[in-house]
Amino acid sequence: MRENIFLAFQGVWSHKLRSILTMLGIIIGIAAIITIVSTIKGTNEQIKQNLIGSGNNAVTVELYQNDYTYDLAYGGNPEGVRVIDEDTKEELNELDGVVATSLFRYRGYTDGVFYGNTAYTGDLYGIDGDYFSVYDYILSSGRMFQPHDYAKTRKVAILDSKAVTSLFNGEDPVGKTIEIMAEPFVVVGVVAPSTTFRPMIENINDYYLYADTSSGHIFIPDSTWPIIYRFDEPQSVAVKAASTDDMAVAGKAVSDHLTASQITDPENSSFSYQNRDILEQAQQLQEMSNATNRQLIWIASISLLVGGIGVMNIMLVSVTERISEIGLKKAIGAKKRRILGQFLTESAVLTGTGGIVGVLAGIGLATLLSKLTGTPSAISIPAILIAVVFSTLIGILFGLLPATKAANMNPIEALRRE
């Protein structure tokens, strides 16, 4: 085998121009595939990062009626749905992939919130003591909620920076009083996400998908929620997963457990808990992207087919040129498998070398396109290995006919033809 490889490289080197032209189809095909795969991987990672945001691995589990989120603001308390208690919360924390959970209630684009004459139309949350840790919020000023705020049902509030801008226009809000549904709440703190992430927004569709257009978030203790809304309102659950890859598993585990334990008649009820899993959104976007890119890969693969035919053609020429060499080897006792192995090795070396050059060209092209167009790219090691192995297999496949022709040649006729 070592001798065959040496002879193969010697043959490639002795006919450099012919070998380069033969490998060109393989190089172009492999380079195109590596470029497309790198772009697919980079785009998918961008989609995933844009949807995950700060990377807190949090999944929201909400109450659904049939296939739609149940709107508690308009629908009232649903019949047959229990309030989640602390014992159930502890059970959720023990599920696979779950690190921590938080119970909260929510109103989107709320009204009835004022600071003086300034109205607020952002989001309002009634949260438990674990919410900020699950979503990785940090304190910017003031203080967090304390246990006595919950125990004594104190009407206090914490705002994020967007809510501060919406209501206070640059003023320090800590210590000031806001009005929520005609009830006074004292602002005790300001929070912000622990990491700031800005998604790549390149067009209007990205803007609508990723941009946060709310006026901010106001948080109050969940013990004060009945003061402004109603008692026994079912909660949503924020689930912190062990890792990004565990988000779907953790979200489904919590959803299934809540549906079984909190719905009084889960088999006949229209209500269920479902996880609003952002990875599902990412998967949908990735599938749409991949469907187009798979077609491009098939088109690029045509170059490999053309390259394979070129290899077969040049190997047939090589066999014709080396008839006397083949006849001499067979005359002195070379067996069919030795001749077959020699030509298959030469064909495989030819396409394998083309595959390696194509991989390098593909990496360079993907990097160049990323810099010129801003399209993200990520090099896939498995794709590189598969490309090199695949190109070598093409050499073996398309070199089989010429190698078989050489191996079956009659030594007497070969020497006579020379």
Quick check on segment 361-369. Is at least one of its residues surrounded by fewer than 13 Cβ atoms within 10 Å (Cβ to Cβ) and either under 30 Å from T244 (Cβ atoms) or modelled with pLDDT under 70 (or both)? yes
Name the pairs whose Cβ atoms lie under 8 Å apart, with the first residue in segment 82-100 and open to solvent by less than 40 Å² (accessible area, probe 1.4 Å), the second charged (D, E, K, R), and 6 or more positions between them or separate chains? G97/D246; V98/K240; A100/D130; A100/K240
For segment 219-247, pairs from a residue that is over 10 Å from R105 (Cα atoms) and without any contact (Cβ under 8 Å) to a residue 12 or more places away in the chain to a residue that is open to solvent by less than 40 Å² (accessible area, probe 1.4 Å) and part of a loop (DSSP other than H, G, I, E, B), with Cβ under 8 Å and 6 or more apart or across chains, are P226/E233
Restricting segment 111-151 to residues that are buried (at least 20 other Cβ atoms within 10 Å of the Cβ) and β-branched (V, I, T), which is farthest from V186 (Cα to Cα)? V134
Any residue at all in segment 156-166 that is basic (K, R), under 18 Å from Y125 (Cα atoms) and outside any loop (DSSP other than H, G, I, E, B)? yes
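Quick one: is A192 of a type in the set (G, A, S), part of a strand (DSSP E or B), at pLDDT below 95 and more than 29 Å from A100 (Cα to Cα)?
Values: of a type in the set (G, A, S): yes; part of a strand (DSSP E or B): yes; at pLDDT below 95: yes; more than 29 Å from A100 (Cα to Cα): no.
In short, no.
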In segment 174-189, the residues that are free of Cβ contacts under 8 Å to residues at least 40 places away in the same chain and not in a strand (DSSP E or B): V174, G175
Answer residue from segment 257-272, given it is assigned to a helix (DSSP H, G or I) and in contact (Cβ under 8 Å) with a residue 12 or more places away in the chain and is surrounded by the fewest Cβ atoms within 10 Å (Cβ to Cβ) among those: S261
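The values are calculated or read from the model by the stated rules, or taken from the named source; none is laboratory data. As the structure is a computational prediction, the values presented were derived from the model and not from experiment. Glycine also receives a Cβ, built like all others from the backbone with ideal geometry; neighbour counts cover every protein chain displayed. These area figures cover heavy atoms from the full protein model, side chains too; ligands, DNA and RNA do not enter into them. Shrake-Rupley method; radii C 1.70, N 1.55, O 1.52, S 1.80 Å.
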